[in-house]
Amino acid sequence: MTTEHQLTAENLSLGYKDRTVIEGLELAVAPGRVTAIVGANACGKSTLLRSMSRLLSPRAGQVLLDGKEVHKLPAKELARTLGLLPQSPLAPEGITVSDLVGRGRHPHQGVFSRWSVADDTAVAAALEATHTVELADRAVDELSGGQRQRVWIAMALAQETDLLLLDEPTTFLDVQHQVEVLDLLTDLNRSRGTTVVMVLHDLNLAARYCDHLVAIAGGKVHAAGRPCEVLTEDTVRAVFGLDSKVIIDPTSGGPLMLPIGRHHMVA
Amino acid sequence: MSTPADLRQASPATVAAVTRGRTRRNRRRRIVIGILVVLIGAMVAVSLMVGRTFYPPGDVLKVILGQDVQGATFTVGRLRLPRTCLAVLAGASFGLGGVTFQTMLRNPLASPDIIGISTGASAAAAVAIITLGLSGSAVSVFAITAGLGVALMVYLLAYQDGVSGIRLILIGIGIAAMMNSIVSYVLSTAGQWDLQEALRWLTGSLNGVRWEETVTVLITMIVLVPVLFLGSRDLTVLQLGDDTASALGVRVDRTRLLVVVCAVGLIAFATSATGPIAFLAFLAGPIAARLAGPGHSLLLPSALVGALLVLLADFAGQYAFGTRFPVGVVTGVLGAPYLIYLIVRANRAGGSL
Ligand SMILES: Nc1ncnc2c1ncn2[C@@H]1O[C@H](COP(=O)(O)OP(=O)(O)O)[C@@H](O)[C@H]1O
Ligand SMILES: [Mg+2]
């Protein structure tokens, strides 16, 4: 098992120019568990992840990794512990899968260090875990959306971090690929003890696949806890402004949210 | 390090396949670099020997070693040698500056000669020389200040919640046009300025090169190139987008500042020596990418392609046609179709430039 890292946000405020997006947010990521973050569009989920990988400095408050402020840690040292797969990463034109996954090794390499056996092994292990070995020599631009997403996850795996944050890893994928990616992340968590934090759009998949569900609204954590405690009709109304019915999911025994729109209701 | 044990486990066959693929791509890159070096060497030799008078390798070597050879000492030592050296150095500088911008802004159109940085440097050099009557390093100081100034201006004008590549390119093209009109104006005030000298500030030329210019560019390269290469891995990671790069431990703002200052420095000093050799910074990177393949730093291949292009274009300009054309006219003829191709391709894809 891995040593478990504590990632917390304390009284965190984030924003862009004159606009505050996150204000006074408190969050403690459950070590060694899978956390899903949900919230309405533009509520600041990506912004929150960005501050955790130190791309965005807090206006107030701090993000702590094992008690140390992430913005004061050396960049590469942080990147060896905490990985982030952004919402829309860019692949350079023509790059091969294997080379792209190899970029995940960056924090393990010095300016002068050469490519090592450990680097090749990490890339190979990441390709195997994501079932992309056969794609290794293909160009990333030629792949389907589902394949491409697996390749990006492979890059994040090659980084070999104990904490992995993913921003909407399943968006744009059809349902079987969504499930495939979420199963893969669960495997990663179970077999390696990697702490996974993911932003998800689909509330039901989020509830199914996480140990800890965090709902964000109004720049703060509105509710956090086990999925059955968080995914309630009240939370859905408060966070998404939507009336819904929450029932028990017959396949998993967890909560299942059914939206109530204005049409198509039984009498 | 607390790496989980099983993360190091992959089947030996997969590891071998990964190593093999990487070695194969590296070999291609090394072969390309080797061929470019050989071609540059050959072109340097040809440029030194061939001209209106032919001097055999023995004579050329003697001149380089400082011995006196009738006729060759002047023609080779004073004319051809500084010209050839500057062709290599300026070509490499333009290639490096161009590919740095293209990589950083993830767009082949974002090269410093398209977005006004070279033009800014050349306008400043023209003003310094013609209007203010300066010479030597004062001109270089002017050129680099203007290059950095234009870079900063384009960046600030393009900044709205972050920098979008396309806005930056369009603003840069506008500024380049402004800078060009400054050059034209200054040239029109120059009175009896001969055509060669005027063209130098419009398209770039190696005519009448002196050692001091060559040495200035060499010193600039000795200072800036190592710094640029130190940032080259970070620059390659920056291609994945700011968010990803930051997550991989790259300090995005610092890296960008460092490489931009180096790139602008190289471009500005080279421009103050040769004028803005048309489209060179724009062409070198994409050609190098085609040859060396994607996935690795393009700095070295682009520097070599830049040097080779200038050597070839200058030689062709001098001897291939009835009249002598400055090097920039030849590279301009090569570069314009490529620019049109890029724009047509972008239009067809319906996407960004
Ligand atoms: N780079 C940026 N500059 C300015 N505003 C931004 C930037 N990125 C996001 N925002 C704004 O911040 C708010 C939160 O965005 P984001 O964190 O991406 O939301 P989410 O990921 O929850 O959909 C949005 O209103 C968005 O417009
Ligand atoms: Mg988002």
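The values are calculated or read from the model by the stated rules, or taken from the named source; none is laboratory data. Small disclaimer: the values here were computed from a predicted structure and weren't measured. Glycine gets a Cβ as well: all are built from the backbone with ideal geometry, and neighbour counts include every protein chain shown. Calculation scope for accessible area: heavy atoms of the full protein, side chains included, ligands and nucleic acids excluded. Shrake-Rupley method; radii C 1.70, N 1.55, O 1.52, S 1.80 Å.
Yes or no: the range A:104-119 includes at least one residue that is among the hydroxyl-bearing types (Ser, Thr, Tyr) and in a helix (DSSP H, G or I).
No, the conditions are met nowhere in the range A:104-119.
Sort out which residues of the range B:263-292 are touching an Asp or Glu at 6+ places or on another chain (Cβ under 9 Å), within 22 Å of B:VAL37 (Cα to Cα) and open to solvent by less than 10 Å² (accessible area, probe 1.4 Å), and write them in order of number.
B:ILE267, B:ILE277, B:LEU280, B:ALA281, B:PHE282
When A:LYS45 is evaluated against the numbered criteria (1) open to solvent by 40 Å² or more (accessible area, probe 1.4 Å); (2) within 16 Å of ligand 2 (Cβ to nearest atom); (3) among the charged types (D, E, K, R), which criterion, by number, is the only one it fails?
Unmet for A:LYS45, out of (1) open to solvent by 40 Å² or more (accessible area, probe 1.4 Å); (2) within 16 Å of ligand 2 (Cβ to nearest atom); (3) among the charged types (D, E, K, R): (1).
Any idea which of B:ARG30, B:ARG78 is more than 14 Å from every other protein chain (Cβ to nearest Cβ), within 31 Å of the chain's Cα centre (by Cα), open to solvent by 80 Å² or more (accessible area, probe 1.4 Å) and without any contact (Cβ under 8 Å) to a residue 24 or more places away in the chain?
Unique residue meeting the criteria: B:ARG78.
Please tell me if B:VAL237 is within 11 Å of chain A (Cβ to nearest Cβ), more than 13 Å from B:ALA92 (Cα to Cα), part of a helix (DSSP H, G or I) and open to solvent by less than 10 Å² (accessible area, probe 1.4 Å). Outline the logic, then answer.
On the way: within 11 Å of chain A (Cβ to nearest Cβ): yes; more than 13 Å from B:ALA92 (Cα to Cα): yes; part of a helix (DSSP H, G or I): yes; open to solvent by less than 10 Å² (accessible area, probe 1.4 Å): yes.
Yes.
Give the residues of the range A:56-88 that are buried (at least 21 other Cβ atoms within 10 Å of the Cβ) and within 16 Å of ligand 2 (Cβ to nearest atom), sorted by residue number.
Once the filter is applied, which keeps residues that are buried (at least 21 other Cβ atoms within 10 Å of the Cβ) and within 16 Å of ligand 2 (Cβ to nearest atom), the range A:56-88 yields A:LEU56, A:LEU84, A:LEU85, A:PRO86.
Tally time: how many residues in the range A:161-170 are in a strand (DSSP E or B) and within 16 Å of ligand 1 (Cβ to nearest atom)?
Number of matching residues: 3.
How many of the residues in the range A:249-267 are within 21 Å of A:VAL179 (Cβ to Cβ) and in contact with a strand residue (DSSP E or B) (Cβ under 7 Å, 6 or more places away or on another chain)?
The qualifying residues number 6.
To keep it simple, each residue is scored yes or no on (1) at the interface with another protein chain (Cβ under 9 Å from one of its Cβ atoms); (2) modelled with pLDDT under 90; (3) touching a helix residue (DSSP H, G or I) at 6+ places or on another chain (Cβ under 6 Å).
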site	(1), (2), (3)
A:GLN109	yes, no, no
A:ASP120	yes, no, yes
A:GLU128	yes, no, yes
A:GLU134	no, no, no
A:ILE153	no, no, no
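Given the structure, is B:ARG24 over 22 Å from the mean Cα position of the chain (by Cα) and either crowded, with 18+ Cβ neighbours inside 10 Å or within 14 Å of chain A (Cβ to nearest Cβ) (or both)? Outline the logic, then answer.
Details: over 22 Å from the mean Cα position of the chain (by Cα): yes; either crowded, with 18+ Cβ neighbours inside 10 Å or within 14 Å of chain A (Cβ to nearest Cβ) (or both): yes.
Yes; evaluated as a whole, the condition is true for this residue.
Criterion first (within 16 Å of ligand 2 (Cβ to nearest atom), crowded, with 16+ Cβ neighbours inside 10 Å and within 14 Å of another protein chain (Cβ to nearest Cβ)) does A:VAL239 satisfy it?
Taking the combined requirement at face value, the residue does not satisfy it.
Is it the case, given these coordinates, that A:GLU93 is at the interface with chain B (Cβ under 8 Å from one of its Cβ atoms) and touching a His at 6+ places or on another chain (Cβ under 8 Å)?
No, not satisfied.
Being closer than 20 Å to B:ALA313 by Cα, among the polar types (S, T, N, Q) and part of a helix (DSSP H, G or I) is the filter here, so list the residues in the range B:76-118 that pass it.
Result: B:THR84, B:SER93, B:SER118.
Considering only residues that are away from ligand 2 (no atom under 16 Å from the Cβ) and within 14 Å of chain B (Cβ to nearest Cβ), which ones fall in the range A:22-42?
Passing the criteria: A:PRO31, A:GLY32.
Does A:LEU82 qualify as being within 25 Å of B:LEU105 (Cβ to Cβ) and either at the interface with chain B (Cβ under 8 Å from one of its Cβ atoms) or touching a strand residue (DSSP E or B) at 6+ places or on another chain (Cβ under 8 Å) (or both)? Working first, answer last.
On the way: within 25 Å of B:LEU105 (Cβ to Cβ): no; either at the interface with chain B (Cβ under 8 Å from one of its Cβ atoms) or touching a strand residue (DSSP E or B) at 6+ places or on another chain (Cβ under 8 Å) (or both): yes.
For A:LEU82, the condition - within 25 Å of B:LEU105 (Cβ to Cβ) and either at the interface with chain B (Cβ under 8 Å from one of its Cβ atoms) or touching a strand residue (DSSP E or B) at 6+ places or on another chain (Cβ under 8 Å) (or both) - is not met.
The rows are residues; the columns are (1) of a type in the set (S, T, N, Q); (2) more than 16 Å from ligand 1 (Cβ to nearest atom); (3) in contact (Cβ under 8 Å) with a residue 40 or more places away in the chain; (4) surrounded by fewer than 23 Cβ atoms within 10 Å (Cβ to Cβ).
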site	(1), (2), (3), (4)
A:GLU93	no, yes, yes, yes
A:VAL97	no, yes, yes, no
A:LEU100	no, yes, yes, no
A:ARG103	no, yes, yes, no
A:TRP115	no, yes, no, yes
A:VAL123	no, yes, no, no
A:ALA126	no, yes, no, no
A:GLY146	no, yes, no, yes
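Go through B:LEU36, B:LEU48 for me and flag whichever is under 18 Å from B:GLN318 (Cα atoms) and crowded, with 16+ Cβ neighbours inside 10 Å.
Going through B:LEU36, B:LEU48 in turn, just one is under 18 Å from B:GLN318 (Cα atoms) and crowded, with 16+ Cβ neighbours inside 10 Å: B:LEU48.
Quick one: is B:GLY97 under 15 Å from the mean Cα position of the chain (by Cα), at pLDDT 90 or above and buried (at least 24 other Cβ atoms within 10 Å of the Cβ)?
Spelling it out, B:GLY97 is indeed under 15 Å from the mean Cα position of the chain (by Cα), at pLDDT 90 or above and buried (at least 24 other Cβ atoms within 10 Å of the Cβ).
Considering only the range B:56-75, state which residues are over 30 Å from B:VAL223 (Cβ atoms) and open to solvent by less than 90 Å² (accessible area, probe 1.4 Å).
Correct list: B:PRO56, B:PRO57, B:GLY58, B:ASP59, B:VAL69, B:GLY71, B:ALA72, B:THR73, B:THR75.
In the range B:313-337, which residues are under 17 Å from B:ARG52 (Cα atoms) and surrounded by fewer than 24 Cβ atoms within 10 Å (Cβ to Cβ)?
Within the range B:313-337, B:PHE315, B:ALA316, B:GLY317, B:GLN318, B:TYR319, B:ALA320, B:PHE321, B:GLY322, B:THR323, B:ARG324, B:PHE325 meet the criteria.
Among (1) away from ligand 1 (no atom under 16 Å from the Cβ); (2) touching a Gly at 6+ places or on another chain (Cβ under 6 Å); (3) over 29 Å from A:LEU205 (Cβ atoms), where does A:GLU4 come up short?
(3)
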